[in-house]
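The values are calculated or read from the model by the stated rules, or taken from the named source; none is laboratory data. Everything numeric here is computed off the predicted structure, so don't read it as measured data. Here the Cβ positions follow ideal geometry from the backbone for every residue, glycine too, while neighbour counts run over all protein chains shown.
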Amino acid sequence: MTNDIITQLADVVGAGSVLTGDAVARRKFAWDTHDRCRAKALVFPVSTAEVSRILSLCNASGQTVVPFGGTTNLVQGCATTADDIVISLEKMNTIEELDRSARTIVAQAGVTMQAAQQAAADVGLLFPVDTGARSNCMLGGMVSTNAGGTKVIRYGMTRDSVLGLEAVLADGTVVTSMNHFIKNNSGFDLKHLFIGSEGVLGIITRVVLQLATQPTSHNVALLACDSFDDVVKVLGHARDDLPNTLTGFEVMWNSFYERAVEPHGRLAAPLATGSCCYVLLESMGVNDEQDGAAFEKTMESLLQEELVADGLLAKSDKERDLIWAIRDEVEPFLGVARNFDVSLKSADVGVYLAAVEAAIKSEFKTAEVVGFGHLGDNNVHVSVLVDEQTEEVTQRIEEIVYARLKPYDGAISAEHGIGLEKRAYLPISRSQAEIDLMIRLKRMMDPNNILNPGKVVDAQ
Ligand SMILES: Cc1cc2nc3c(=O)[nH]c(=O)nc-3n(C[C@H](O)[C@H](O)[C@H](O)COP(=O)(O)OP(=O)(O)OC[C@H]3O[C@@H](n4cnc5c(N)ncnc54)[C@H](O)[C@@H]3O)c2cc1C
């Protein structure tokens, strides 16, 4: 059967667009793993029609498939076995239409985030979803994970930018739902089945995205706070004082900041280390003078009210980039730490993190717990560094981090998704009725369980 299916797939996409054997193993993932790719074959379709024919063939023979975008997800969403076929969307990288007056972009799923951002910027508009993975991650992957990022407080998640999409179901049926309108209540809004479902219900092939006004003003400050309570008050202030321009509110605990900046880290330190937390405050708007004045006034009142112990207002692009570089300095944690991405009420984050730290340190004496993230969106990333990295230790740390979310009704995944990595913990954030409905939907839409099997829920 192996050769049969590969020959059939080569008939669909052409032999040059099917990789097998060593060529599969040589294929690198974009991020966070040194694993070799395992699969029966990697297939590179160029159109929705080709994706449809591939899925129809695979479904007929019960062949499992795993969709690949930029493979930047952090939850083993693209994990494969040697028996899977990988469908990579990377050759479907055409921007089909950019309508300046309707402020929409129509693009294939393999267009990268950066290419979409650039296309929008070229006509003076903004594609507002932004993450550190921008040069690799692709629209299909972003939509299927409902990616968040650094501007969610202003523009929402990827879902909020998607007007329509096209997806191919497991049996090859093409569902074209390329809506272009903000308002369209003509029956079920089917796109939401595919947004955030991590490739288990269908393969997204094209999207219609809503673009925003390109801001002209850009203000960034780094603030040092003596307590987490002060950080929460600063967030309230920022929301009240910068109601139309607040675009970023990122927090870094000292444990993060001091690893990023000198003398321990590699970046220059704009503020001394040792405060409880550091806040990156960002505003963007269309009135440079007014926005700059409002931002400065906010800074002044934060200092006057002693909510901020020290602060630096960026005066140049270079200073803005330096402050953002500190927040983006995740290198010290990748590969060596167990990284978590959880959501809970912003005001509860400080107590939650302290409880996690205490519990982890009581079991693992030399462990370190580092917190940072998109606090303005209730989202905190927790990195746990331990000497011992066995499976048992990892599992115990996961149990501690996730179990402590329960009293706060927290979410085990704020933005990265579930993939394989968090599936066992889904009941912490979702009721059994919700999980059962997910499984029923999966079984109904993919009765042979060929689409990204085992991810998010176990539908077997
Ligand atoms: C440095 C870095 C920073 C990051 N920052 C953020 C952040 O701030 N916020 C955030 O939310 N995420 C972040 N991420 C995670 C990641 O970038 C996002 O999840 C991203 O949107 C995934 O896109 P991708 O194209 O790489 O998808 P992939 O990793 O290729 O795929 C993700 C999932 O979707 C499935 N899939 C892929 N393409 C399709 C398709 N066309 N149709 C259906 N299913 C598909 C895959 O099977 C997989 O399950 C970051 C990652 C890195 C490496």
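List of remarks:
- Segment 332-354, residues that are of a type in the set (S, T, Y) and over 21 Å from the mean Cα position of the chain (by Cα): Y352
- For segment 64-81, filtered to residues that are more than 6 Å from the ligand (Cβ to nearest atom) and surrounded by fewer than 23 Cβ atoms within 10 Å (Cβ to Cβ), the residue that is farthest from D4 (Cα to Cα) is V75.
- Among the candidates I95, I105, residue that is of a type outside the set (G, A, S) and buried (at least 22 other Cβ atoms within 10 Å of the Cβ): I105
- Test for R266: is it buried (at least 16 other Cβ atoms within 10 Å of the Cβ) and farther than 18 Å from D229 by Cβ: no
- All positions within segment 426-446 that are more than 26 Å from T131 (Cβ to Cβ) and away from the ligand (no atom under 16 Å from the Cβ): P427, S431, Q432, A433, E434, I435, D436, L437, I439, R440, R443, M444
- Qualifying residues in segment 138-158 (those that are farther than 18 Å from S88 by Cα and touching a Gly at 6+ places or on another chain (Cβ under 7 Å)) - the one farthest from the ligand (Cβ to nearest atom): I153
- In segment 183-217, residue nearest to the ligand (Cβ to nearest atom) [restricted to those that are assigned to a loop (DSSP other than H, G, I, E, B) and of a type in the set (S, T, N, Q)]: S197
- Among the residues of segment 109-119, those identified as surrounded by 24 or more Cβ atoms within 10 Å (Cβ to Cβ) and more than 9 Å from the ligand (Cβ to nearest atom) are V111, A116.
Residue-wise test of (1) touching a residue at least 40 places away in the same chain (Cβ under 8 Å); (2) within 26 Å of H237 (Cβ to Cβ); (3) crowded, with 21+ Cβ neighbours inside 10 Å.
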residue: L313; (1), (2), (3): yes, yes, no
residue: S316; (1), (2), (3): no, yes, no
residue: L322; (1), (2), (3): yes, yes, no
residue: R327; (1), (2), (3): yes, yes, yes
residue: V351; (1), (2), (3): no, yes, no
residue: T366; (1), (2), (3): no, no, no
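- Which numbered condition S52 misses (of (1) surrounded by 14 or more Cβ atoms within 10 Å (Cβ to Cβ); (2) hydroxyl-bearing (S, T, Y); (3) outside any helix (DSSP H, G or I)): (3)
- E329 passes every criterion in (1) under 25 Å from the mean Cα position of the chain (by Cα); (2) of a type in the set (D, E, K, R); (3) assigned to a helix (DSSP H, G or I) apart from (3).
- All positions within segment 151-172 that are crowded, with 24+ Cβ neighbours inside 10 Å, in contact (Cβ under 8 Å) with a residue 60 or more places away in the chain and more than 16 Å from N452 (Cβ to Cβ): V152
- Qualifying residue in segment 418-425 (condition: closer than 24 Å to K455 by Cβ, more than 16 Å from the ligand (Cβ to nearest atom) and in contact with a Phe, Trp or Tyr (Cβ under 7 Å, 6 or more places away or on another chain)): yes
- Helices (runs of 4 or more DSSP H) contained in segment 227-317 and holding at least 3 residues of a type in the set (A, V, I, L, M, F, W, C) and not assigned by TED's automatic domain parsing to the domain that holds G373: 228-241, 288-304
- The lone exception for N339 - which of (1) modelled with pLDDT of 95 or more; (2) within 15 Å of the ligand (Cβ to nearest atom) it fails: (1)
- Selection count where residues are assigned to a strand (DSSP E or B) and more than 13 Å from the ligand (Cβ to nearest atom), scope segment 13-42: 3
- Set side by side, the residues G454, G373 differ, and just one is within 28 Å of K151 (Cβ to Cβ), within 16 Å of the ligand (Cβ to nearest atom) and in contact with a helix residue (DSSP H, G or I) (Cβ under 9 Å, 6 or more places away or on another chain), which is G373.
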